Amino acid sequence: MIKAIFIWFAVFLGAFILQTTLVPSLAIFGVKPDLLMLALFMMAIKTGVMPAIFIGFIIGLSQDIYSPSVLGQSALAKTLAGFFAGLFNEKVMRLDPVILGIILILTFFVNDLAIYAVQVVKSGGSLGAVAKEIIGPTFPRALYTLIFAVIPILWEQFSVIKTRR
Amino acid sequence: MHWIIEFIVRYRNFCSLVFTVVLSLLMISSPENRQLATVRFLTTSVFYPLQFIIDKATNISNIYEENRRLRQEVVVLSSRVAAFQEQASENDRLRGMLNLAQNFSYDFVPVRVVAHDPSDLNRSIVINAGKNQGVLQWMPVVGEKGVVGKVVQVMGGLSLVQLIRDPANRTSVMIRKSRAIGILENSNGKDYYLRCRSHENVAVGDTVITSGLGGIYPPGLHVGIVVRISDSSDPLFKKAWIKLSVDFNHIEELFVMRLSPQWSAFVHEFDSLGFTQ
């Protein structure tokens with residue numbers, strides 16, 4: 001249990017460092033992968049709903065503090081994203097890599113939907129603009145992150161196959 | 001109270017979600033000044049230490065990058081320094097040769113050494129000038145420090161130079177101070193000596209120059225200095241050991257002196273006597 005906590009702490013710390021140092025240089029037309037979201041997704045799939053909710057909340061809160069936005073906005077979004085991804089916990093169901101990729105993309109949509117919903121409520125805006133914002137940047141960002149997700153997803157599948165043998 | 005705990009444990013996922021969502025909504029709906037106070041509190045108490053660790057980790061990665069960049073710069077600068085040193089060295093040599101060319105009123109052909117004799121004795125060199133540049137057989141070859149040898153074979157654009165260190169090369173030399181004349185000899189390709197009469201006034205440190213006899217080298221070209229005097233097997237002679245002034249292992253730029261041998265006027269007479277060059 002303690003070992004798992006340390007491992008996940010290291011994963012999130014590494015993702016945070018990469019997100020703030022390396023990832024900006026990987027931007028293509030302003031679209032960057034979200035390694036923190038990927039780490040949250042992987043943790044949610046591995047550990048389940050409750051840890052994903054709390055970790056999502058902490059990650060979101062840290063993003064709220066580091067970025068000048070409404071306090072609680074990212075916390076709420078990441079909490080909901082963690083909850084959504086945690087529903088597909090591998091202890092409950094075994095999914096193949098393609099489905100996992102689709103769930104990752106949907107997790108991005110849940111996250112961004114919550115963010116834009118808060119934005120609409122706090123500062124006004126039409127639902128049409130929210131829809132446009134979500135379809136515009138969210139999908140490319142999710143796809144770009146999906147490229148980075150291939151390695152951990154395949155690694156996970158490989159380790160499962162090895163364990164079964 | 002008990003049923004509340006039981007409810008929370010039973011529906012812990014749902015309760016966790018509700019708790020964090022409510023907390024988030026409370027933060028979102030709180031006034032701006034309270035949000036700022038919360039941010040300040042969280043920054044100083046929780047995130048500042050984390051940021052400190054991240055900054056350190058980032059700095060370490062920057063140090064590695066900087067170290068790599070500096071190493072690359074060191075390599076580039078080292079190669080540039082080596083090139084500058086080479087140019088400075090060449091500059092010194094060429095200045096020396098220019099002085100030499102100005103000190104003598106002969107016509108000089110500047111040449112470069114293109115090949116050395118691969119043997120240990122290093123008896124000859126090949127220079128990058130030949131008939132096309134007006135080089136002829138028996139022309140003396142000099143460097144900025146003194147006489148090097150003579151051209152023994154001429155091709156179109158190359159010539160073979162026999163060095164004075166070659167044991168087969170007999171050069172007539174003279175002690176500048178005492179004017180004692182002798183033949184530069186060596187037995188093993190390393191130790192050179194001049195056999196001169198016992199009564200001649202020869203001392204260590206005396207300069208040895210070409211005598212001008214023999215018809216190939218003009219008089220006065222620097223050959224070396226006397227480093228030791230020793231007795232000869234013949235009591236009438238003594239040996240003055242000479243250190244040659246030219247470092248034959250490091251010759252690069254030289255001059256061919258455009259001089260015809262003094263005996264060239266008598267070459268037909270030599271031919272009639274049956275001598276071959």
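The values are calculated or read from the model by the stated rules, or taken from the named source; none is laboratory data. All of these numbers come straight from a predicted model, not from anything done at the bench. Neighbour counts are summed over all protein chains in view; Cβ atoms, including those assigned to glycine, are modelled from backbone coordinates with ideal geometry.
For A:ALA15, state whether it is within 14 Å of another protein chain (Cβ to nearest Cβ) and over 29 Å from B:LEU36 (Cβ atoms).
On the way: within 14 Å of another protein chain (Cβ to nearest Cβ): yes; over 29 Å from B:LEU36 (Cβ atoms): no.
So A:ALA15 does not fit the description; no.
Of the numbered criteria (1) among the hydrophobic types (A, V, I, L, M, F, W, C); (2) surrounded by fewer than 15 Cβ atoms within 10 Å (Cβ to Cβ); (3) more than 27 Å from A:LEU95 (Cα to Cα); (4) at pLDDT below 80, the one A:ILE17 fails is (2).
Total residues in region A:118-165 satisfying the condition of being touching a helix residue (DSSP H, G or I) at 6+ places or on another chain (Cβ under 9 Å), part of a helix (DSSP H, G or I) and either modelled with pLDDT of 85 or more or surrounded by 11 or more Cβ atoms within 10 Å (Cβ to Cβ) (or both): the figure is 27. Being within 12 Å of the chain's Cα centre (by Cα) and within 11 Å of chain B (Cβ to nearest Cβ): is that true of A:ALA85 here? Here the answer is no, as A:ALA85 does not meet what is asked.
Residues in region A:46-61 that are more than 10 Å from every other protein chain (Cβ to nearest Cβ) and surrounded by 24 or more Cβ atoms within 10 Å (Cβ to Cβ): A:ILE59 alone. Count of region A:28-74 residues, restricted to those that are over 12 Å from the mean Cα position of the chain (by Cα) and among the aliphatic types (A, V, I, L, M), is 9.
The residue that is modelled with the lowest pLDDT, counting only those in region A:62-82 that are within 17 Å of B:VAL18 (Cβ to Cβ) and facing chain B (nearest Cβ under 7 Å), is A:GLY72.
Given the criteria closer than 15 Å to B:GLY149 by Cβ and within 33 Å of the chain's Cα centre (by Cα), does B:LEU184 qualify? Lay out the reasoning, then the answer.
Values: closer than 15 Å to B:GLY149 by Cβ: yes; within 33 Å of the chain's Cα centre (by Cα): yes.
So B:LEU184 passes the test.
Looking across region B:21-35 at every residue that is surrounded by fewer than 12 Cβ atoms within 10 Å (Cβ to Cβ) and modelled with pLDDT under 85, the one that is nearest to the other protein chains (Cβ to nearest Cβ) is identified as B:GLU32.
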